[in-house]
Structures are given as structure tokens and as C-alpha cells.
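The values are calculated or read from the model by the stated rules, or taken from the named source; none is laboratory data. All values derive from a computational prediction rather than experimental measurement. Cβ: placed from backbone, ideal geometry, glycine included. Neighbour counts: every protein chain shown. These area figures cover heavy atoms from the full protein model, side chains too; ligands, DNA and RNA do not enter into them. Shrake-Rupley method; radii C 1.70, N 1.55, O 1.52, S 1.80 Å.
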Amino acid sequence: MGEDGESPKINHSFLRDYVTEADVISTVEFNQTGDLLATGDKGGRVVIFQRETESKGECEELGESGEYNVYSTFQSHEPDFDYLKSLEIEEKINKIRWLPQQNAAHFLLSTNDKRPEGYNLKDEEGRIKDVSTVTSLRVPVLKPADLMVEVRPRRIFSNGHTYHVNSISVNSDGETYLSADDLRINMWHLDITDRSFNIVDIKPANMEDLTEVITAAEFHPQHCHLFVYSSSKGTLRLCDMRDSALCDRHSKIFEEPEDPGNRSFFSEIISSVSDVKFSHSGRYLLTRDYLTVKVWDLHMDKGPVETYQVHEYLRSRLCSLYENDCIFDKFECVWNSNDSVIMTGAYNSFFRMFDRETGRGVTLEAWRENSKPRAVLRTRRVYTGGRRRRGDVGVDSLDFTKKILHMAWHPAENIIAIAATNNLYIFQDRVKPENQ
């Protein structure tokens, strides 16, 4: 569209802020080396970013990371329809998990509400021409060409779930993975797509007796026989597949006793665990509920060893958050590479980091000004009373439509990826947590 005299009347701020539902990022995941970063969105698309190797060495000398640029984009899932139940199946990507690299190709798993799928990514630099088509001898000429990435759907794991899939986790044996929905957890072999083994089933004989659902599940990073799953009641169950093929009976249960004095209509909702992650060492569990993030020791099942308040100032506003459905938002949580810092999201494009050694937290903001090269992340503070500092944000001014739900931390370096609606922010974090 060419420019003319009427162009100043265009509302550019509206065009910049307009976001379609299909473009909203729904999952973020680094691969094992951190050189590839995958995102999935509500439109069923997967976008792979690759770290530039040429700039990596130069940036390391400056204490910076190499840039991540688009490596490949493909459609992972399409909208579908369950004719038996007359239900639409969304194409939204719920989770992405990378498999350890075995050769020149990369392999990842992605899932929507019903069906995990496996994809193979490989660089294609050229093909050998069929000699039967050669009719004359010519001198070869070298012509520069763009590197092409071939994406092949290698596995489609169908008919494994009746309810919505919320988690997939690759086992440390490199041969199996689990997928969890609201009531069941299945284990799959990566080479067998038409059947899976049910390892957890909490569906009651009468659905009216249902009191909780599975919210997340993950394999132990070192022990292939251990996995954990969380529930909407705020409990964690550690299961050992050596005990029984069907792990309905857990090895350990982790839960925090409820204070009767704090019980309210919203108690069960805000205690529901939205995410659970093993530490890299395998010793601890990290969980996120609506208001807090907690660290659990596998050797201590009486309660969490660490509890961090993410946005306690929202406790007095739970009624309005219930009315606008924000109370049901599912925030993720992640560890840094050495398990010394944890990170989780909040509202108003804020995300929080907590230093486990000092117990202090910092609030940071993911927004456009911070996306400029070498921009320094600003610490933010939500004003809840007392002396108000310059730059503080009042609780009534928080934008609950700008929520940080999905994030990832580089497996070895101090690099984080933050999804904010349809924007992906990649930061090299240099800010030490301060007392808020």
C-alpha cells in the first residue's frame, strides 16, 4: 500500500497491538544444547529458532549470547473433530519436548489436546542428480544457495487419550516418553505409535465421584523408573514403575497441610498445581500454584522446603479474578542451569526470579523497549502500601490480559526465553535479585 496524504490518520498503535488468537504462543522449549529454541502457538504452528554460530564466539568475548534467528516453521497440528463425541479438537500446541540428538537430525515431540506427534528436522544442502537423466557432460558451476530445512512428520501417536493432554515428558532412557491428560498417564515407545501402556488411571467408576484431576507430569532426569504427577488438589505423587505396572499407588505423596484459618471458597482453586519440574540434579521438585512457587525435597514429604510469594497482593482480589477467569490461568515455572535460581510468570508482562541462596526475589518486565539490542531489563515493583517509589505500579493498574504463562531457561547458560502473547523475548539475564 502506497503512502498518501491520508496515511497519518491510520491508527498505527492499534495495528501494532492487534493480536489474533492463533498467533498467541502456547509453549516454549530449548533443546538439550540450547542452540535450538522451539515455540508452539494456538494456531498449531511450530517455529524453531537457531542460535547463530558465527556471532556466538564474538558475543561470548563481549559477555553476550549469540542471536537466535528463525530456523524453520511448520504446521504441526490442524483443527479436527471428534464425531463420536461431537467435539471440536483445537490445533493449539500444548507442549513441545526435544529428544536427545542421535545424529545430524533433530527430533521433537509436540502435542495438542489429543494427539502427540514426532517431527524430524534435518538440513538439506542438496540432492544428487539421477545419472539416468544426464544426456550431456557439463562443467559443474558452484552457485550459492540458501540452506533448506526439511521437516518430516515421523510419528503420529493416535488414540491414546480421551481427555485433554496437558503434559509430555521424555524419559532418560531415550526410548520412551509419557503423555498425561486430566485422568490418565500413558507411556509410549518412540517406535510404536499405535499403542501405549496406561501407567496411571484416576478415573472413578462414577464420574460424579471425581474430586481431582491430573494437571502435570514429568519423568525423573536420571532414573527412568521414576516420575511425578501433580493434581488440582495441590498434591504431588512420586511413582516408581518398578513397584507395579499400573502406578495407581504412589511411592510418596507430597502435600502441604492447609491452615483452617485461611480456608475460603477459592482455596482449592488457588492450590491447584499448574506446573511441576524436577531439578537438574533430580533431588528437588519445583511447583507453581496460583499465588506461590514452591520447592520440595524428595527426601521430605511433609511439606515444601521453600515457598516464594509470586503476587500475594492478588489474594484480596480473588473474587474479581474468579469472575474474569484469570484465577484459572496456568503459569509455568523453570530452574536455571545449576538449580540456584527459579523463574515464573505473573501479570502486566511481569515475570519473577528468586535466588534460592538468599531467598530474595526480583520482578522484571518483558516489553518492547527491552527487546532492543543490549537493552537492560528494568526491575519493577508493585505498590501495595507504605512509601511509594517512582515507577511503582499500583495493583489496580495491572493489565491482566498481559500475562507471562510460558518460559524456558537455557540448559547451560544464563539465557531465558519469555512468551508474552504473540511476542517471544530472549534475554541474557544479568540482574541479581534484590529485596522487593
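Brief remarks follow.
- Just one residue in the set Leu108, Leu87, Leu147 is open to solvent by less than 100 Å² (accessible area, probe 1.4 Å) and at pLDDT 85 or above; that residue is Leu108.
- Against the test of being open to solvent by 30 Å² or more (accessible area, probe 1.4 Å), under 23 Å from Phe278 (Cα atoms) and among the small types (Gly, Ala, Ser), the options Ser179, Ser172 yield a single qualifying residue, Ser172.
- Among (1) under 23 Å from Trp98 (Cβ atoms); (2) surrounded by 16 or more Cβ atoms within 10 Å (Cβ to Cβ); (3) of a type in the set (Ser, Thr, Tyr), the one test that Ser337 misses: (2)
- Matching option when the condition is modelled with pLDDT under 80 and open to solvent by 50 Å² or more (accessible area, probe 1.4 Å), among Lys402, Lys432: Lys432
- Being open to solvent by 20 Å² or more (accessible area, probe 1.4 Å) and of a type in the set (Val, Ile, Thr) is a property that does not hold for Thr344.
- Residue match in region 185-197 (condition: β-branched (Val, Ile, Thr) and without any contact (Cβ under 8 Å) to a residue 12 or more places away in the chain): yes
- Some residue of region 239-253 being of a type in the set (A, V, I, L, M, F, W, C), in a loop (DSSP other than H, G, I, E, B), in contact (Cβ under 8 Å) with a residue 12 or more places away in the chain and surrounded by fewer than 16 Cβ atoms within 10 Å (Cβ to Cβ): yes
- Matching residues in region 307-363 - criterion: being part of a strand (DSSP E or B) and either touching a helix residue (DSSP H, G or I) at 6+ places or on another chain (Cβ under 7 Å) or within 15 Å of Val395 (Cβ to Cβ) (or both): Gln309, Tyr347, Phe350, Thr363
- Entry remark, region 336-349: residues being over 16 Å from His280 (Cβ atoms) and either modelled with pLDDT of 95 or more or β-branched (Val, Ile, Thr) (or both) number 4 in total.
- Any pair with Cβ under 9 angstrom, 6 or more apart, that starts in region 92-103 at a residue that is over 17 Å from Phe74 (Cβ atoms) and ends at one that is among the hydroxyl-bearing types (Ser, Thr, Tyr) and open to solvent by 60 Å² or more (accessible area, probe 1.4 Å): Gln101/Thr33
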